[in-house]
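Chemist: Shown below is the structure under consideration.
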Protein chains: 2
Amino acid sequence: MLRRYFPILTWGAEYSGQTLANDLIAAIIVTVMLIPQSLAYALLAGLPPEVGLYASIAPLVVYAIFGTSRALAVGPVAVASLMTAAAVGQLAETGTPEYLGAAIALAFLSGLMLLAMGFLRLGFLANFLSHPVISGFITASGLLIAASQLKHILGIPSEGETLVEVLGSLASHLGQTNLFTLAIGAGTLAFLFWVRKGLKPALLAIGIGKRPAEVLAKVGPVVAIAATTVAVWHFALNSRGVSIVGDIPRGLPTPTLPPFDPGLWIAIAVPALLISIVGYVETISVAQTLAAKRRQRIDPDQELIALGASNVGSAVSGGFPVTGGFSRSVVNFDAGAETPAAGAFTAIGIALATLFLTPLLFFLPKATLAATIVVAVLSLVDLGALRRTWNYSRPDFVAMAATILLTLTVGVEAGLVAGVGLSVFLHLYRTSKPHVAIVGQVPGTEHFRNVDRHSVVTSPEILSVRVDESLYFPNARFLEDLIADAIADDRPLEHVILVCPAVNSIDASALESLEAINHRLSDAGITFHLSEVKGPVMDRLKRAHFLDDLTGEVHLTQYDAVASIDPDLARRTLATARRHPSAA
Amino acid sequence: MLRRYFPILTWGAEYSGQTLANDLIAAIIVTVMLIPQSLAYALLAGLPPEVGLYASIAPLVVYAIFGTSRALAVGPVAVASLMTAAAVGQLAETGTPEYLGAAIALAFLSGLMLLAMGFLRLGFLANFLSHPVISGFITASGLLIAASQLKHILGIPSEGETLVEVLGSLASHLGQTNLFTLAIGAGTLAFLFWVRKGLKPALLAIGIGKRPAEVLAKVGPVVAIAATTVAVWHFALNSRGVSIVGDIPRGLPTPTLPPFDPGLWIAIAVPALLISIVGYVETISVAQTLAAKRRQRIDPDQELIALGASNVGSAVSGGFPVTGGFSRSVVNFDAGAETPAAGAFTAIGIALATLFLTPLLFFLPKATLAATIVVAVLSLVDLGALRRTWNYSRPDFVAMAATILLTLTVGVEAGLVAGVGLSVFLHLYRTSKPHVAIVGQVPGTEHFRNVDRHSVVTSPEILSVRVDESLYFPNARFLEDLIADAIADDRPLEHVILVCPAVNSIDASALESLEAINHRLSDAGITFHLSEVKGPVMDRLKRAHFLDDLTGEVHLTQYDAVASIDPDLARRTLATARRHPSAA
């Protein structure tokens, strides 16, 4: 029990010197990657830079205690930072204590929600976020984030939450572009893109292994930061209008509590839930991918608890919402992290940076941070997914396109909520019209197949309908309509057989429909039968009155059903040589 | 085309003298029944009595033109009247022109919504109202309506929308009970219950046929109305505190338009949608039941148009929302109505009553109308459904109980919305955990069955998982978790086969999960196969890249899959004599 909630007890017991060495190496590499990221994502969230550092200390230690993934790296990530900015931006002005307080409360509430979902085993809630919706949301978020960072790269003011607002505001201030800032921003962008595309091949060419080359390519931002910081300091570019990070308070975060203002908590409830679910979906997806590579197990419910505790840890140490980041976790894994201890060591690295490194970051230009954000988020943008989804499934495409459009034009919360609502709606719409087939007997066999696709034998007195779907409220009425139409046909119908091999469940609405169908058929002088009902479905039907009222019978196989009604026809068809062997 | 939208062209062409005679007889009986009902339901909706009569003229003529059901009787009904009172009561004071205007606007907007749903073929929207929710809602509405009428029976004031409020208000005014009113109300109640339970057997005993006896029992309220009206007039009970209907304007309704106030229309949008859907579900259910008795066809989409046009007709003639009533339609059918013309004749009957009969209703006591309402709605209350649903399906019970509780304690709209939300939620929850079985080969056969239920042969290198559900976003993650657990087991797994005979569709989310599973299994050195994939599912998969990336193959049957991986084992098992013949 204790081990379930504290996975550290399991892996901690086997901890060896070699594991320590591997974890330490991974921690050093992730620390170097995380320092600029934590500053950049704090900037993106509209928060002071030290908040990004604080969110990269306590949450990592907490995750090391509760997490079941060996290589997941939690901390600030781009999408959650954007969602934080969107949620908090509606409640307070950037730079005010209220803004910071709301961001901390958001992390705290999100953490509590994740903990509650973990203890109540409500992880299935994440299912509501269908893949097209989350994929569309992340693409739209990437575009929004990139657009929002252009102001830092151009050195001009810009406002707005939607893509149109942001771009419009940028356009109106374009004349005020600061050329020094632009040089730094554009230069960093060019350098970082080259690092992504050109450095790795270059490193491979000079004989460096594939994994080290990949890891080195990921620390490119550090070089950019060092170079541009030195440039700003040396040429005093901050006096020429280049925005810099400035004074970052030295020292570790002090324990804080979020503001307990009921109005604030109600206002952030929906954003906190959305951040929780989006963060969890990303976390679990990365964790499962990495665990599979080493045949390791992760526990989805415990991951909710670990992520929830990490967010509470972030809040009480003055940080903002955190989640498991994809690229950082992959770097951690590739650098050799074997246990969550690597995360704790990373936390020590960030703590040391907070204590000793912050003065060095005084002249760090915001344009450089913005460029690192742009490069990072553009890799999230996957517009090709629109085409792929269109080809595969139109309803999924509609949900994805609506999510992207609404996220860009109305806002992140509207986009997500509309996407979830739409995918649930389209799902119910699709299942409301299940595939049904009128079936007949394949000559020479006991098999029954679709009359439209096969050469089969049917009787005018018997209608055999196979429904290829479970029967539940979204399609209960469909079945009633189908049978109502069948009754109204002019044929001398005497028996209706519902063939149920694909019916995995029958809910109370469908049961009511079956009862209505039975009574209506009875009123019309038609007998109603079932065939090939699955065991669990039959067990449940026995708990209702339906089987007592059923005018016909429940047959084990469709052949039995037809043979009991019209034995001559069934046997004659069985005795017939198959004319079309392929039809079976 | 014209015949599709105007069913009157179809049945009108075959109209004969005998049909006319039958329709006329039915119309007379329904008119006699409808006069007190229309007054009573107007009272229930908080509207002047003539509004009930107006709602029983134009809508019936309109339905006769557009309706596809031969025997459906539209008009004011109890539940829609309660919903009207609840919706309009929040916007205006009873008795004001604003109250009447809002009720008319509600009928108009509800009509427009139904017309739109009909033309856009959105009838499936009614599916969202699962049977437990509508059944619970009607039970709760019946209780609420009965409680709300007690004030008229006791002759005391009472206010409130929820059961607690209504009963509390009644209790505080109980001392003011008017004994004359109570005598009329309680006497009428006793008489009407006797008519329901005792009159029919008495009529049957004196040799009257079953159907006439049933129809006669349904006109009991008319006797009560005549007797109590005469009593009030003769003893001048209205001067002793007995509330009477009073002056009803004589004459036909004049054409009106609903108030075009955007604020009002927004405020009634949700109630109008709920009234539309509840009304439609009831209408279609009655219509299908009656149509089946004569093997007739109704068109669910055209019924939306007919019901929508009827409501617009009600609104422009000063009426309130109408729908197809259950008991009235049954009386119409039993009395011999053959075509919708019976409804048009009923409309003429009500019009004549409006022109000439209203002075006779001056002394009609409200207590009598309240008693007819109480008797009518108590037949809607079906608390036994709670027990039946509990026995059959717990999630359906939860949705039903929540609908009843919220309708009684918060209000009709809250109850319905919560019920719909909860049933969608529980549906997704259930499908998020589909039934899965690890399967093995039944000795002596090519069949594969659940290892937990049958004595079967499996190989430690092969894991065969059968999922008994379509794969879509609510359960996509479940599959990923399942396979992730399988990988982490210590067994020397080399092949995973997903057995798909019950998979009717795979949406984009599930496709993404299958791709993730394929990659993760590949990372763990395990090959991923599919077997028994249905034709339509396979067709769709071919439009994606998944099949190209699949490390294993897609096999026609599960036996083929195992035989291609481990031919020795498969053939040896096939050659084995069945040890447990029943296991197949």
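Chemist: Name the residue farthest towards the positive end of the dipole of chain B from the options B:356, B:290, B:203, assuming +1 on Cβ of Lys and Arg, -1 on Cβ of Asp and Glu, about the Cα centre.
Modeler: Ranked along the dipole, the leading option is B:203.
Chemist: Just need the relative contact order of region A:127-180 here, percent rounded to a whole number, with Cα pairs under 8 Å and 6+ apart.
Modeler: With pairs under 8 Å counted, the relative contact order is 29 percent.
Chemist: How large is the Kirkwood hydrodynamic radius of region B:363-404, counting all unique pairs of alpha carbons, in Å?
Modeler: 12.3
Chemist: Roughly what % of Cα-Cα distances in region A:118-160 sit above 16 Å, to the whole percent?
Modeler: Percentage above 16 Å: 58.
Chemist: Please list B:133-143, A:19-29, A:242-252, A:164-174 highest first by mean number of surrounding beta-carbon atoms within 10 Å per residue.
Modeler: My ranking of the peptides, most packed first, is B:133-143, A:19-29, A:242-252, A:164-174.
Chemist: Residues of region B:114-136 losing 40 Å² or more of accessible surface, assembly versus chain alone, probe 1.4 Å, please list them.
Modeler: B:124, B:127, B:128, B:131
Chemist: Please get the size of the charge dipole for region A:37-181, origin at its Cα centre, with Cβ charges of +1 on Lys and Arg and -1 on Asp and Glu, quoted in debye to the nearest 20.
Modeler: It comes to approximately 500 debye.
Chemist: Sticking with this one: For region A:75-146, what Kirkwood radius comes out of the mean inverse Cα-Cα distance, in Å?
Modeler: 13.9
Chemist: Using a label point 7 angstrom from Cα along Cα-to-C-beta, what distances in nm, from shortest up, separate residue A:390 from the other copies?
Modeler: Once sorted, the set of distances for residue A:390 reads 5.4 nm.
Chemist: Just to check, using Stokes-Einstein with a Kirkwood Rh over alpha carbon pairs, what's the diffusion coefficient of region A:201-307 at 10 °C and 1.306 mPa s in µm²/s?
Modeler: 81
Chemist: Take the Cα atoms of region A:190-262, find their three principal axes, and give me the spread along each one in whole Å, biggest first.
Modeler: Computed over region A:190-262, the largest-to-smallest principal extents equal 56, 37, 24 Å.
Chemist: Provide Rg over Rh for region A:441-584; use the alpha carbon set for both Rg and the Kirkwood Rh (inverse mean inverse pair distance).
Modeler: Using Cα coordinates only, the ratio equals 0.96.
Chemist: Out of the DSSP beta bridges found with both residues in the protein assembly as shown, what percent are antiparallel (nearest 5)?
Modeler: About 45 percent, rounded to the nearest 5.
Chemist: Further, regarding this structure: So for the protein assembly as shown, considering every pair of alpha-carbon atoms, how many percent are separated by more than 54 Å?
Modeler: Pairs farther apart than 54 Å: 35 percent.
Chemist: Averaged per residue, what accessible surface does the protein assembly as shown expose to a 1.4 Å probe, in Å²?
Modeler: For the protein assembly as shown, the per-residue accessible area is 39 Å².
Chemist: Could I ask something else about it? Using the per-residue mean of other Cβ atoms lying within 10 Å as a proxy for protection, in what order, highest first, do the peptides A:46-56, A:396-406, A:175-185, B:411-421 fall?
Modeler: The peptides rank, most packed first, as A:46-56, A:396-406, B:411-421, A:175-185.
Chemist: Ok, one more. What are the residues of region B:437-484 that lose 30 Å² or more of accessible area, with a 1.4 Å probe, going from their chain alone to all protein chains?
Modeler: The answer is B:468, B:469, B:472, B:473, B:477, B:481 - residues whose exposure falls by at least 30 Å² when every protein chain is included.
Chemist: Then there's this: For residue B:429, which inter-copy label distances result when the label point lies 7 Å beyond Cα on the Cα-to-Cβ vector, reported in nm to one decimal and in ascending order?
Modeler: 2.7
Chemist: Select from B:7, B:103, B:25 the residue farthest towards the positive end of the dipole of region B:1-119; place +1 on Cβ of Lys and Arg, -1 on Cβ of Asp and Glu, and compute about the Cα centre.
Modeler: The one lying farthest along the dipole's positive direction is B:7.
Chemist: Taking the label point 7 Å from Cα in the Cβ direction, how far apart in nm is residue B:14 from each other copy of itself, listed shortest first?
Modeler: Nearest first, the other copies' label points are 7.9 nm away.
Chemist: May I pose another question? Give me the base-10 log of I(q)/I(0) for region B:126-241 at each q in 0.15 Å⁻¹, Debye formula, one uniform scatterer per Cα, rounded to two decimals.
Modeler: -0.89
Chemist: Which number gives the lysine pairs in chain A that have C-alpha atoms under 16 Å apart and are eight or more places apart or on different chains?
Modeler: So the count of such lysine pairs works out to 7.
Chemist: Considering all projection directions equally, how large on average is the shadow of the alpha-carbon convex hull of region A:434-505, in square nanometres?
Modeler: Over every viewing direction, the Cα hull of region A:434-505 projects on average to 5.0 nm².
Chemist: Going out from 0 in 5 Å bins, what whole percent of all Cα-Cα distances in region B:394-434 drops into each bin?
Modeler: 6, 29, 28, 19, 11, 5, 3, 0
Chemist: For a quick size check, give me the Cα extents of region A:241-353 along its three principal axes, largest first, whole Å.
Modeler: 44, 36, 31
Chemist: Right, here's the next one. Multiply the residue separation of residue B:451 and residue B:382 by 0.36 nm, subtract the distance between their alpha-carbon atoms, and state the gained length in nm to one decimal.
Modeler: Contour length minus Cα-Cα distance gives 20.5 nm.
Chemist: Continuing with the same structure: For region B:321-409, take every pair of Cα atoms, bin their distances at 5 Å starting from 0, and report each bin as a whole percent.
Modeler: Over region B:321-409, the share of Cα pairs per 5 Å bin runs 3, 9, 11, 14, 16, 15, 9, 10, 7, 4, 1 percent.
Chemist: On to the next question. Give, to the nearest whole percent, the P(r) tail of region A:198-237 beyond 17 angstrom, counting all Cα pairs.
Modeler: 44
Chemist: Let me ask you something else. Quick check: convex hull over the Cα atoms of region B:400-477, volume per residue in Å³, rounded to an integer?
Modeler: 127
Chemist: Specify the inter-centroid distance of region A:356-435 and region A:485-502, based on alpha-carbon positions, in whole Å.
Modeler: 47
Chemist: For Cα pairs less than 8 Å apart in space and 6+ apart in sequence, what is the mean separation divided by the residue count of chain B, i.e. the relative contact order in percent?
Modeler: 22 percent.
Chemist: What does the convex hull of the alpha-carbon atoms of region B:1-155 project to on average, in nm²?
Modeler: One quarter of the hull surface, i.e. the mean projection, equals 11.4 nm².
Chemist: Let me ask something else about it. Taking only C-alpha pairs under 8 Å that are 6+ residues apart, what is the relative contact order of region B:432-578 in percent?
Modeler: 26
Chemist: Percent antiparallel among DSSP beta bridges with both residues in region B:400-495, to the nearest 5?
Modeler: DSSP beta bridges in region B:400-495 are roughly 90 percent antiparallel.
Chemist: Using label points projected 7 Å from each Cα along Cα→Cβ, tell me how many nm separate residue A:223 and residue A:171, to one decimal.
Modeler: 3.8
Chemist: Let me ask something else about it. What does a probe at residue A:197 reach in region A:174-189, counting residues whose amide N is under 14 Å from the point 7 Å along Cα→Cβ?
Modeler: A:189
Chemist: At 25 °C and a viscosity of 0.890 mPa s, what translational diffusion coefficient does Stokes-Einstein give for region B:354-454, taking Rh as the Kirkwood radius over Cα pairs? Give it in µm²/s as a whole number.
Modeler: Translational diffusion coefficient: 131 µm²/s.
Chemist: First compute the accessible area of chain B with a 1.4 Å probe, then give the percent of it belonging to carbon and sulfur atoms.
Modeler: Taking all protein chains in place, chain B shows 63 percent carbon and sulfur surface.
Chemist: Quick one: Cα centre-to-centre distance for region B:1-43 and region A:224-284, in angstrom?
Modeler: 72
Chemist: Once B and A are treated as a pair rather than alone, how much accessible area drops out, both sides summed, in Å² to 100, probe 1.4 Å?
Modeler: What B and A bury together is about 6300 Å².
Chemist: Place a +1 charge on the Cβ of each Lys and Arg in the protein assembly as shown and a -1 charge on the Cβ of each Asp and Glu, then give the dipole magnitude about the Cα centre in debye, rounded to the nearest 20.
Modeler: 740
Chemist: Semi-axes of the equivalent ellipsoid of chain B: what are they in whole Å, largest first, if each equals the square root of 5 times a C-alpha gyration tensor eigenvalue?
Modeler: Each semi-axis is the square root of five times an eigenvalue, giving 60, 26, 24 Å.
The values are calculated or read from the model by the stated rules, or taken from the named source; none is laboratory data. Since we're looking at a predicted model, the values are computed, not measured. Positions of Cβ are backbone-derived with ideal geometry, glycine not excepted, and every protein chain shown enters the neighbour counts. Accessible surface areas use protein heavy atoms only, side chains included; no ligands, DNA or RNA. Shrake-Rupley method; radii C 1.70, N 1.55, O 1.52, S 1.80 Å.
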